[in-house]
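Here, each number is a calculation from the coordinates, and none is a lab measurement. Not measured: the values here are computed from a predicted model. Positions of Cβ are generated from backbone atoms using ideal geometry, with glycine treated the same way; all protein chains shown enter the neighbour counts.
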Amino acid sequence: MGIHIKLDGREKELEPGIKIIDALKEMDRKLAKAAIGVKIDGAVLDLSHSLQADANIEVLTGDTPEGLDILRHSTSHVMAAAVKRLFPGVQVTIGPSIESGFYYDFDKDEPFVPEDLARIEKEMARIVKDNVPFVREELPVKEAIGKFKAMGEKYKVEIIEDLVKDGPVEKVSLYTCGDFTDLCRGPHVPSTAKIRAFKLLDVAGAYWRGDEKNRMLQRIYGTAFNSEEELKTHLENLEEAKRRDHRRLGKELDLFSFHEEGGPGLVYWHPKGALIRYIMEDFWRREHLKRGYQFCITPHIARSVLWEISGHLGFYKENMYSPIDIDGQEYILKPMNCPFHILIYKTRKRSYRELPLRWAELGTVYRYERSGVLHGLLRVRGFTQDDAHIFCTPDQLKGEMIKTVNFAIYMVKSMGFENMDIFLSTRPEKFSGTPEEWDRAEETLKTALDEEGLPYQVDEGGAVFYGPKIDIKLRDALGRHWQGPTIQFDFNEPRRFGVTYIGADGGEHQCVMVHRALWGSLERFFGCMVEHYGGAFPLWLSPVQAIILPIADRHSEFAQKTAEMLQERDFRVEVDLRREKVGFKIREAQVQKIPYMLVIGDQEMESGKLSVRERKAGDLGAMDVYRLMDVMKERIADRT
Ligand SMILES: [Zn+2]
Ligand SMILES: [Zn+2]
């Protein structure tokens, strides 16, 4: 009796016990050659696995996410094999695949240096060329421990011992690739020739099991792709990301800084950065007023008792700073603005007639982040949220959601983000409020998104305990994802504070409360914008929109007059009066990413026209100053 194997709609009867690779060869030689692994009933398996029963096989090639994962994980083993050959005393720990590559952590006294990486890569290339098979074996726990002990791999012994502690384990799987054997669940490529394109990227220190009390290990990061071309594109993207790094551009363009003596994670906005932020805030306020929002301004600290009522001292305490003593009373820096807006709401009874209330505030909050995770503007300890709270009746909810989602999309598009993905997070295991309330709220959010024809993905159980939410993730110029707008329901705080309104029936009802931040943190969003634009902000946001470059001293007066004329009409203009060659001045203005460079020499003074260069387009030729102003005005209005 044979077993029935299905592949891509085809079916064949084969001998039980046949290896997957042989089954594939019988059914589709081309696919068998391209296969890296397979998926059967959701489980990802090696090609060496044998088939005992009917199965529906899905082939994983290097073009599939799972196939790429196997490829990368296998490359990490090849790297470990190479390291063991070149540095015999080194002990291996773990080496998983990660989002865009893989790493392996080694116990080695001295850190790896760049020359080491080159040598390791060479050795890896040799192993790949030799087409070494990956061989899987399953050993009883005791035997495996004995084997790794004999090899002197104490981390592997520790991992197996921990596995046993966690539950009954009889056997573990080992993979051998040439002279290197690793404890590993797999799956792996059948042999190293499947690895086509790889590169080692970086070294870093990493504690064993991520715990600072443990030994510091040496981590090597690398990546692998299905083709040399894909690898090349990836490496170019990495270079481009480095060039666009907001921390680097922040310095080069004089936008912001951090100070050791001021404390880590606290941002200092320099005049140019602050100017961009001022323009953004100004735009933000006008757009909010257009949509029926009102503004609040609230303190930065509040008595602990407020945070007790709100519940933050319970579930959010580790993100809050220690109390400040004022006249024997405890005050805490605010990590959120919500309780403050609730206090304003509760200053009097509210009727259904005055709802919805949409209260916005550029509220600066302080949250504790471990120093190790701080990262430029993206992870900081003090930041300003473009926050708002919507208080409404259940009936108004859907309408408010549609408005808010569209507003959110408008606000990020206005800042140059055309591509985004929407996520809806639903009820987790532990939650506040009733299941009915959650169902209704989730249904409303879904309906709002559906009615607007917005595609979204559902993150089942991914919400925080106090309510479902919509997250919009932005995709930047390099295709990377960034946290964008959040629209968050809250069943918790309105209850804790007793946020109610008087309904048409004269009775008191629970208010629906929604928190929303469109740019999120101004700091993080700004960092994201710097990288998205690569520092070349559109004209309306550029701190200096045009720079005037006189060729010689005799052109200075005319340059100054032209500058004043533009300034009077609200253009942000600078004059470079330094006695430098004009070519040098142009190059510097390019580095500063100033949109327009206006060169003035004898010819320009005579004709009364300016010689205009645009940052991207280059030389635009001679232009009358009024014509230039019209062009600039148009671009500013279009926000391009
Ligand atoms: Zn492994
Ligand atoms: Zn809030």
Item to check | Between helix 228-244 and the chain: long-axis angle, C-alpha atoms, 0 to 90°, nearest 10 | outcome: 30 degrees
Checklist entry - Listed highest first by mean packing, meaning other Cβ atoms within 10 Å per residue, what order do 105-117, 64-76 come in? => result 64-76, 105-117
Next on the checklist: Let me spell out the model: positive unit charges on the Cβ of Lys and Arg, negative unit charges on the Cβ of Asp and Glu, origin at the Cα centre of the chain. What dipole size does that give, in debye rounded to 20?
Outcome noted: 860 debye
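For G2, what charge total do you get from the other residues with a beta carbon under 14 Å from its beta carbon, if Lys and Arg give +1 and Asp and Glu give -1?
Details: positive: K6, K12; negative: E11, E13, E15, D22, E26, D54.
Net charge in that neighbourhood comes out at -4.
Can you give the net charge of the other residues whose Cβ lies under 11 Å from the Cβ of P339, counting K and R as +1 and D and E as -1?
Working: positive: R303, K334, K346, R496; negative: E308, E493.
Result for the neighbourhood of P339: +2.
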Next on the checklist: Beyond a 21 Å Cα-Cα separation, which of these cross-linked pairs lie in this structure: K446/K469; K561/K609; K19/K39; K33/K129; K199/K251?
Outcome noted: K199/K251
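By the gyration tensor of its Cα atoms, with a ≥ b ≥ c the square roots of the eigenvalues, what is the shape of region 573-640: rounded for a/c under 1.5, prolate for a/b over b/c, or oblate?
On the way: a/c = 2.07, a/b = 1.19, b/c = 1.74.
Since a/c reaches 1.5 but b/c is at least a/b, the shape of region 573-640 is classed as oblate.
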Checklist entry - For region 1-83, what does the equivalent ellipsoid look like in terms of its semi-axes, each the square root of 5 times an eigenvalue of the Cα gyration tensor, given largest first in whole Å? => result 25, 13, 11
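Only sites in a loop by DSSP and with at most 11 other Cβ atoms within 10 Å count here; which trypsin sites (Lys or Arg not before Pro) in region 173-203 make the cut? Intermediate values should be presented prior to the final figure.
On the way: sites: R185, K194, R196, K199; in loops: R185, R196.
Of the trypsin sites (Lys or Arg not before Pro), the ones in loops of region 173-203 whose Cβ has at most 11 other Cβ atoms within 10 Å are R185.
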Checklist entry - Counting DSSP beta bridges with both partners in region 265-369, what percentage is antiparallel, nearest 5? => result 75 percent
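Evaluate Rg over Rh across region 230-306, taking Cα atoms for both radii and Kirkwood's formula for Rh. Spell out each step's value before the answer.
Details: Rg = 19.0 Å, Rh = 16.4 Å.
Value, to two decimals: 1.16.
Taking the Cα centre of region 487-532 as origin, sum charge times position over the Cβ atoms of Lys and Arg (+1) and Asp and Glu (-1), and report the length of that vector in debye to the nearest 20.
On the way: 4 positive and 6 negative charges, 15 e Å.
Taking the Cα centre of region 487-532 as origin, the dipole is about 80 debye.
Per residue, what volume in Å³ does the Cα convex hull of region 256-533 take up? Walk me through the numbers on the way to the answer.
Values: hull volume 40.5 nm³, N = 278.
Per-residue hull volume (Cα only) is 146 Å³.
Take every Cα-Cα pair in region 72-227 and report what % of them are more than 28 Å apart. It would help to have the intermediate numbers written out before the result.
Details: 2016 of 12090 pairs.
Result: 17 percent of Cα pairs exceed 28 Å.
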Checklist entry - Could you state the principal axis extents of the C-alpha atoms in the chain, from the largest down, to the nearest angstrom? => result 87, 79, 58
Next on the checklist: Using helices alone, I'd like the mean residue ellipticity at 222 nm for the chain: each DSSP H run of four-plus residues gives -39500 (n - 2.57), total over residue count, nearest 500.
Outcome noted: -11500 deg cm²/dmol
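Which of the trypsin sites (Lys or Arg not before Pro) found in region 362-448 are in a DSSP loop and have at most 11 neighbouring Cβ atoms, other than their own, within 10 Å?
Details: sites: R367, R370, R379, R381, K398, K403, K413, K430, R440, K446; in loops: R367, R370, R381, K430.
When the trypsin sites (Lys or Arg not before Pro) of region 362-448 are filtered for loop state and at most 11 Cβ neighbours within 10 Å, R370, K430 remain.
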Checklist entry - When you count, for each residue, the other Cβ atoms within 10 Å and take the mean per peptide, how do 206-215, 542-551 rank with the highest first? => result 542-551, 206-215
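Can you tally the net charge around K290? Count Lys and Arg as +1, Asp and Glu as -1, for every other residue whose Cβ sits under 12 Å from the Cβ of K290.
Working: positive: R285, R286, R291, R358, K403; negative: E287.
Value of the local net charge: +4.
Return the percentage of antiparallel bridges among DSSP beta bridges fully within the chain, rounded to the nearest 5 %. List each step's numbers first, then the result.
On the way: 103 of 120 bridges.
Given both bridge residues lie in the chain, the antiparallel proportion sits at roughly 85 percent.
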